[in-house]
Amino acid sequence: MHQFDRVSVSLASRELFLDGQPHPLSARAFDILALLIEADGSIVSKDDIFHAVWPSTIVIDNNIQVHISALRKLLGGKDGWIRTVAGRGYRLAAPDPRAVVQVDAPRAAPAACATPAPAPALRNDVWPRAVPRMALIGRDEPLANLLALLECTTLLTLVGTGGVGKSALACELAYAYSAGTGAGIRYIDFCAEMAHCAAHAVPRLPDFDQAAARHTLFVVDGCESAIDEAAAFCHALGAAYPQARVVATSREPLRIAGERVYRVAPLALPPHEAREAQAALEEPVRASAAVQLFLRHLCAGDNGNPMVTPPLDMVATLCRQLDGLPLALELAARRAALIGVGPLLAQLDTQLLALPNGLRGVPARQRTLGATLEWSHARLDATEQAVLRRIAVFDSAFELGAAMTLAACPRIDADLVIEGLSGLVSKSLVTAEPHATTATMRYRMPRVTRAFALDKLAQADEAHWLTRHVQALSECPAASLAFAA
């Protein structure tokens, strides 16, 4: 354990403590701190830091400065433990005893940085390190369609709800495109790099000229974390390298010139007709991509025991209730590997949002289904949040008129309800489909999203208010209601 006044650092466990309590620190800031500690007072150059912390990435100097600034605040400020050696780098040294040393925990950067923000790091390896790569199930047709789109599109945005598999599909698309064209790949984790900063400039790439860019595909992942900044960044990236290809992932479109939006759908579900007989059930159920994904993760469970294939009718029911959402299926399979499919189905209504992700190193927003939806909910405006929780009382498809009747109030008129519902569709929390006979749109909320929205409805204490609308809506043939008191 290394001690720096009120700060203790364990390199073995990669933990940092402030006044004896665990204190969060980004992985790259910890890597830099570890370099300084291991140098034992010697100077660590910027080149050494770049080589150790970003070994296969081209980044700008400001990336180092951001992390050094956070470390400096933690280790005593400008007169603390971290010393800048002009023109050479940084080193650790005990503070001057004549200086007043203050230790402040790093604060989150404001939404708009006063100085130009560090550009997202570009690295040669496309696959996010927290996500193991494996063959995708049920994505052969979308992958073929996306490859065809890349022939005539320079900016392609994969849009879909959280947990639908946008990042995995984008990475596989990048690999397939590279294999077919010989193009290079650059992965940009926009969520990790830009969550608290605005992107003001395209990364400076000293060894990346226009000739190389012509044969490069950029994957810009997690754009919903700061959608305006992501849109500006992708626009600037395309302007700087007009011959390159950019594939972005987001829960809503970027809405910039030249963008082609591709909606990523959940996995195909088994047909309901197959329920009638066990003999007729097995083949169509096993052919379902949702069932195949569930069974793959079920057999990969970590209970150490060989898995017996559960009753397929139960698996089909579970996959339908999870709407074919890949993240939901994966988390459910991991739980079913421990308690069984039957008990999981029995507890699903109460356990759905809390199903844990057992993988280490996953982003906080993917640790549970509830966390994934909370990430999206935090990015809604007040009107969209109100409309979301109010339309959650619909347990099946509904039409616009029913939504306006239910969600409107003195504070939110019918026009705002329409605007709010449009925002929810755009941000992949509600799906919209044209009605086959009435030439109108019908809307539906996935089961997982509805469970989350009903919880928000209970927290908002609006149930008593909505009871006044139930009678009117019960006469609306377009809406089937399940009211949660």
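Looking only at the range 1-13, which residues are modelled with pLDDT of 80 or more and either in contact with a Lys or Arg (Cβ under 8 Å, 6 or more places away or on another chain) or loosely packed, with under 13 Cβ neighbours inside 10 Å (or both)?
3, 10
One line per residue, one yes/no per condition, for (1) at positive phi; (2) in a loop (DSSP other than H, G, I, E, B); (3) in contact with a strand residue (DSSP E or B) (Cβ under 6 Å, 6 or more places away or on another chain); (4) not assigned by TED's automatic domain parsing to the domain that holds residue 328:
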site: 145; (1), (2), (3), (4): no, no, no, yes
site: 152; (1), (2), (3), (4): no, yes, no, yes
site: 156; (1), (2), (3), (4): no, no, yes, yes
site: 180; (1), (2), (3), (4): no, no, no, yes
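Tell me, which residue of the range 431-485 that is over 19 Å from residue 163 (Cβ atoms) and among the aromatic types (Phe, Trp, Tyr) is modelled with the highest pLDDT?
443
Name the single residue that is nearest to residue 221 (Cα to Cα) among those in the range 233-270 being of a type in the set (Lys, Arg) and under 21 Å from the mean Cα position of the chain (by Cα). Step through it out loud before you land on a result.
Looking only at the range 233-270, we keep the residues that are of a type in the set (Lys, Arg), and these are 245, 251, 255, 260, 263.
Still in the running and under 21 Å from the mean Cα position of the chain (by Cα): 251, 255, 260, 263.
Values: 251: 11, 255: 16, 260: 16, 263: 15 Å.
So the residue we want is 251.
Those residues that are touching a residue at least 12 places away in the same chain (Cβ under 8 Å) and under 23 Å from residue 254 (Cβ atoms), I need them from the range 404-424; list them, please.
Across the range 404-424, the qualifying residues are 418, 419, 420, 421, 423, 424.
Find all pairs meeting these conditions: Cβ atoms under 7 angstrom apart; at least six residues apart or on different chains; first residue within the range 79-94 and under 14 Å from residue 32 (Cβ atoms); second residue of a type in the set (Ser, Thr, Tyr) and in a loop (DSSP other than H, G, I, E, B).
Close Cβ pairs (under 7 Å, with a partner that is of a type in the set (Ser, Thr, Tyr) and in a loop (DSSP other than H, G, I, E, B)) amount to 89/45; 91/42.
Can you find, within the range 263-273, the residue that is modelled with the lowest pLDDT among those that are of a type outside the set (Asp, Glu) and surrounded by fewer than 20 Cβ atoms within 10 Å (Cβ to Cβ)? Explain how you work it out, then say what you get.
Filtering the range 263-273 down to residues of a type outside the set (Asp, Glu) leaves 263-272.
This time we only want the ones that are surrounded by fewer than 20 Cβ atoms within 10 Å (Cβ to Cβ), so: 263, 265, 268-269, 271-272.
On the way: 263: 95, 265: 94, 268: 92, 269: 90, 271: 82, 272: 73.
Per the stated criteria, the residue is 272.
I need every pair where a residue in the range 336-365 that is farther than 30 Å from residue 225 by Cβ and not assigned by TED's automatic domain parsing to the domain that holds residue 222 has its Cβ under 9 Å from the Cβ of a residue that is exposed (fewer than 13 other Cβ atoms within 10 Å of the Cβ) and at pLDDT below 75, sequence separation at least 6 or different chains.
Partner pairs satisfying both residue conditions: 337/302; 337/303; 337/305; 338/302; 338/303.
Looking at the range 346-361, which of its residues are surrounded by 15 or more Cβ atoms within 10 Å (Cβ to Cβ) and either in contact with a Phe, Trp or Tyr (Cβ under 8 Å, 6 or more places away or on another chain) or modelled with pLDDT of 70 or more (or both)?
Of everything in the range 346-361, those that are surrounded by 15 or more Cβ atoms within 10 Å (Cβ to Cβ) and either in contact with a Phe, Trp or Tyr (Cβ under 8 Å, 6 or more places away or on another chain) or modelled with pLDDT of 70 or more (or both) turn out to be 348, 351, 352, 353, 355.
Could you say whether any residue in the range 425-432 is surrounded by fewer than 18 Cβ atoms within 10 Å (Cβ to Cβ), in contact (Cβ under 8 Å) with a residue 12 or more places away in the chain and of a type in the set (Val, Ile, Thr)?
Yes, some residue in the range 425-432 is surrounded by fewer than 18 Cβ atoms within 10 Å (Cβ to Cβ), in contact (Cβ under 8 Å) with a residue 12 or more places away in the chain and of a type in the set (Val, Ile, Thr).
When the residues of the range 26-39 are narrowed to those that are at pLDDT 80 or above and of a type in the set (A, V, I, L, M), which ends up farthest from residue 91 (Cα to Cα)? Outline the logic, then answer.
The initial filter retains those residues of the range 26-39 that are at pLDDT 80 or above, namely 28-39.
Within this subset, residues satisfying the condition of being of a type in the set (A, V, I, L, M) are 29, 32-37, 39.
Details: 29: 14, 32: 11, 33: 10, 34: 11, 35: 9, 36: 6, 37: 8, 39: 8 Å.
Here the residue is 29.
Please give the number of the condition residue 172 fails out of (1) surrounded by fewer than 22 Cβ atoms within 10 Å (Cβ to Cβ); (2) among the acidic types (Asp, Glu); (3) modelled with pLDDT under 85.
Of (1) surrounded by fewer than 22 Cβ atoms within 10 Å (Cβ to Cβ); (2) among the acidic types (Asp, Glu); (3) modelled with pLDDT under 85, only one is false for residue 172: (3).
What is the residue count in the range 142-162 for residues that are over 21 Å from residue 256 (Cα atoms) and crowded, with 23+ Cβ neighbours inside 10 Å?
Matching residues across the range 142-162 total 1.
Taking the condition modelled with pLDDT of 85 or more and either assigned to a loop (DSSP other than H, G, I, E, B) or touching a helix residue (DSSP H, G or I) at 6+ places or on another chain (Cβ under 9 Å) (or both), does residue 208 pass?
On the way: modelled with pLDDT of 85 or more: no; either assigned to a loop (DSSP other than H, G, I, E, B) or touching a helix residue (DSSP H, G or I) at 6+ places or on another chain (Cβ under 9 Å) (or both): yes.
No; evaluated as a whole, the condition is false for this residue.
The values are calculated or read from the model by the stated rules, or taken from the named source; none is laboratory data. Quick caveat, the model's predicted, so the values are computed rather than measured. Here Cβ is always computed from backbone atoms with ideal geometry, including for glycine, and neighbour counts include all displayed protein chains.
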